[in-house]
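The values are calculated or read from the model by the stated rules, or taken from the named source; none is laboratory data. None of the values given here were measured: they were computed from a predicted structure. Methodologically, a virtual Cβ is constructed for each residue, glycine included, from the backbone with ideal geometry; neighbour enumeration extends over all protein chains shown. Keep in mind that these areas ignore ligands, DNA and RNA; they rest on the heavy atoms of the full protein, side chains included. Shrake-Rupley method; radii C 1.70, N 1.55, O 1.52, S 1.80 Å.
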Amino acid sequence: MCMVKKIISTVLISSFLLSGCQNTPDTVKEKSQNYITSEKVQRGDTKYVSVEHILDDQEKILKKKYQNLKLLDTIRIEQPEHVSVLSLGASGDFSSRERMQEMAFQFFGNHKWDDKIKNYTDLKWASGVDLPVYGFNADKEAEGIDVTSGHMDNYGFYSLTRVGQPLYVNKLSHIYHADWGKSLGTCKLNGKKISVDKAVDFVNDWCNTKWVNIEKLYEYRVKTVYRCRYQKKDYLFFEVCRYYKGVPFDDISFFIQNSNSNYEDFKLDITMQKEGELSAIRNNELEYDIKREANSDNKLISLEDAVKIAEETMTGSRKYEIADIDIKYVLKWQGKNPAEESVYAPGTPYEARPTWAFIIDAPEYQKDSEWAREFINVDMITGEVLYCHNYDEEDG
């Protein structure tokens, strides 16, 4: 059984520092998905290629007909600069007064909140580790999402919000795929017609000119946009991928039931209620230190062979409609037993592996939450296949 994690990270379960995650709606809680296989496919004729050639004959491959795969015309594959296997460690020293001040300055555009920032040293989190936690609320008496606020912890969670801004997908009415290469059209935000494409451009530019001063290792790009509603007001929710040398980190968080496999997403959540102004920003997972980078530019499975592996592995009567194919880093916890080990403790090992991700739309499972996806992951180096889906095998 593969479980896609839609709940707020367990490091966030304490007090008002949730700043927008306190009243988690049922629609963002975990959804069950079935896990079929995680095996190394035996391939006699796979040829490894360099990063420059992984997309050779792309147009021909995407137009070809396959026995059990249907590649849709929404697929847009990005050419990466470099591809590596990344060894990471969970951050343990992310939080500081100076960083909180810099975040508030970048987000609000002023130093208004500098003197209100506190170190909440008396807080103890679910893991039992005392952490320096910095933050501020505009209203000393108020708690929750209805205040202007900023918070961060040493693991890397942070959020900044303007008054009354939610930090999750709520009352979803439309999904826009910014990475599919098509015009996103227009929508109305609280009575004003705006261009969704221009809103995406604004967020991309803001992240790559302002937020890059906070997290300097990455470039940023909006992947998915949701039109939502909260307290009778419309807003756009942006999922923003962090790119490392041209490859994004996974935007899907999941774990495999009855095993010790735990996979994390690593993206930014941003909301916009007013054109040309961000309403909230959040990192709802950890921050990571890159410990080692094993370059794999010269030994990668090509798109052609990745499609072949997916087709040969996914046998059966079902025809899989592939809405997108991503090249991304799938981030996996490297501990042995999550029941006994903290997945958040400073230095906890993680590995990010380059992966071909074949994305399958699953609209019947949307349920007012983030884009529901099934996926077939093919490791770009080993060919290992990981498949998560949304239906019972017996109903297959």
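Val343 meets all of the listed conditions (1) more than 19 Å from Ala178 (Cα to Cα); (2) aliphatic (A, V, I, L, M); (3) in contact with a Ser or Thr (Cβ under 9 Å, 6 or more places away or on another chain); (4) open to solvent by less than 10 Å² (accessible area, probe 1.4 Å) but one, namely (4).
Taken over the stretch 199-221, residues that are free of Cβ contacts under 8 Å to residues at least 24 places away in the same chain and more than 19 Å from Ser159 (Cα to Cα) amount to 2. Scan the stretch 346-365 for residues that are surrounded by fewer than 22 Cβ atoms within 10 Å (Cβ to Cβ) and in contact with a helix residue (DSSP H, G or I) (Cβ under 8 Å, 6 or more places away or on another chain) and the total you get is 0. Is it the case that the stretch 255-276 has a residue that's in contact (Cβ under 8 Å) with a residue 12 or more places away in the chain, charged (D, E, K, R), open to solvent by 30 Å² or more (accessible area, probe 1.4 Å) and assigned to a strand (DSSP E or B)? Yes: the stretch 255-276 contains one or more residues that are in contact (Cβ under 8 Å) with a residue 12 or more places away in the chain, charged (D, E, K, R), open to solvent by 30 Å² or more (accessible area, probe 1.4 Å) and assigned to a strand (DSSP E or B).
Taking the stretch 187-214 as the range and being among the β-branched types (Val, Ile, Thr) and open to solvent by less than 60 Å² (accessible area, probe 1.4 Å) as the test, the residues that pass are Ile194, Val196, Val200, Val203, Val212, Ile214.
Yes/no matrix, rows are residues, columns are (1) within 26 Å of Ile381 (Cβ to Cβ); (2) assigned to a helix (DSSP H, G or I); (3) modelled with pLDDT of 95 or more:
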| site | (1), (2), (3) |
| --- | --- |
| Leu88 | yes, no, yes |
| Phe94 | no, no, no |
| Met100 | no, yes, yes |
| Ala126 | no, no, no |
| Phe136 | no, no, no |
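Set side by side, the residues Arg229, Arg242 differ, and just one is assigned to a strand (DSSP E or B), under 11 Å from the mean Cα position of the chain (by Cα) and free of Cβ contacts under 8 Å to residues at least 60 places away in the same chain, which is Arg242.
Restricting attention to the stretch 183-198 and to residues that are touching a residue at least 60 places away in the same chain (Cβ under 8 Å) and assigned to a strand (DSSP E or B), the residue that is farthest from Lys328 (Cα to Cα) turns out to be Lys192. Going by what's in this entry, would Val307 be described as aliphatic (A, V, I, L, M), open to solvent by less than 60 Å² (accessible area, probe 1.4 Å), in a helix (DSSP H, G or I) and modelled with pLDDT of 95 or more? Yes; evaluated as a whole, the condition is true for this residue. In the set (1) open to solvent by 20 Å² or more (accessible area, probe 1.4 Å); (2) under 20 Å from the mean Cα position of the chain (by Cα); (3) in contact (Cβ under 8 Å) with a residue 40 or more places away in the chain; (4) more than 13 Å from Gln273 (Cα to Cα), Val247 fails one condition alone, (1). Here the condition is being of a type in the set (Val, Ile, Thr), within 21 Å of Phe266 (Cβ to Cβ), in contact with an Asp or Glu (Cβ under 9 Å, 6 or more places away or on another chain) and at pLDDT below 95; of Val147, Val169, Val163, it holds for Val169 alone.
When the stretch 215-234 is limited to residues that are farther than 30 Å from Pro80 by Cα and either at pLDDT 95 or above or out of contact with any strand residue (DSSP E or B) (no Cβ under 8 Å at 6 or more places or on another chain) (or both), the one that is most open to solvent (accessible area, probe 1.4 Å) turns out to be Lys232. Being open to solvent by 10 Å² or more (accessible area, probe 1.4 Å), in a strand (DSSP E or B) and not charged (D, E, K, R) is the filter here; which residues of the stretch 277-301 pass it? Scanning the stretch 277-301 gives Tyr288, Ile290, Ala294, Asn295.
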